[in-house]
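The values are calculated or read from the model by the stated rules, or taken from the named source; none is laboratory data. As the structure is a prediction and not an experimental result, all values here were calculated from the model. Positions of Cβ are generated from backbone atoms using ideal geometry, with glycine treated the same way; all protein chains shown enter the neighbour counts.
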Amino acid sequence: MGRWSSLGADGLDVERVLRAVRAELASSAFAYLRRVGPDPRGEGLVAVAGALGPRYVMAHADRQPRVLETLPSRNASRDAPFDRAEAIGWHNDFSTRALRPRLTLAYADRADPHGPPHGSWRVALCDRVLATLEASTDGRAAVRFLREAVLPYSFAVDSPPAFFRAIECRGEAPGRRGLRFYGRAMRDG
């Protein structure tokens, strides 16, 4: 599990953040840094992302590094899930894309004004989720279904669903499985 760190009180120190992220990723499946310093335009975060590997750019976007800004609102559109008042819930980032990045960075400049006062981030390892499911009869049946069924996922309200298996082989290690899950996209699909 990632350590809580405090870096760059006067601004985002890219090299220091990058070292901390790499150290956390080497020992954990994720890195969580509580404070990394202000980065109002996202330039430092984009620099950290570029140092970790090639950046993912969505097909409809320009080729420039992008930072997704959120504008939380109680009246946000269904097509703006990060802006809506309801929680997104358990999900894998980019689960509705056939090709998706290995790492995702998130930077919260300030807390959601409509959310809980201290956030509610949760991180789970797919390997552990699947192992826990396989420890029971019902869980094994669910894993079998998710491994074999091709399910519809839809992220945008007006677009047709894309179809994927929820569990598939991922990564370089033989037998390592990935879990594609985003409840809302599965329901909308």
Report the residue count in region 51-78 for those that are under 17 Å from the mean Cα position of the chain (by Cα), at pLDDT 75 or above and surrounded by 11 or more Cβ atoms within 10 Å (Cβ to Cβ).
3
A careful count of residues in region 156-180 that are assigned to a loop (DSSP other than H, G, I, E, B), touching a residue at least 60 places away in the same chain (Cβ under 8 Å) and in contact with a strand residue (DSSP E or B) (Cβ under 6 Å, 6 or more places away or on another chain) gives 1
Candidate set: region 117-155, residues that are exposed (fewer than 12 other Cβ atoms within 10 Å of the Cβ) and in contact (Cβ under 8 Å) with a residue 12 or more places away in the chain; chosen: the one farthest from Trp90 (Cα to Cα):
Glu148
Count of residues meeting criterion [of a type in the set (Phe, Trp, Tyr) and in contact with a His (Cβ under 9 Å, 6 or more places away or on another chain)] in region 70-93
0
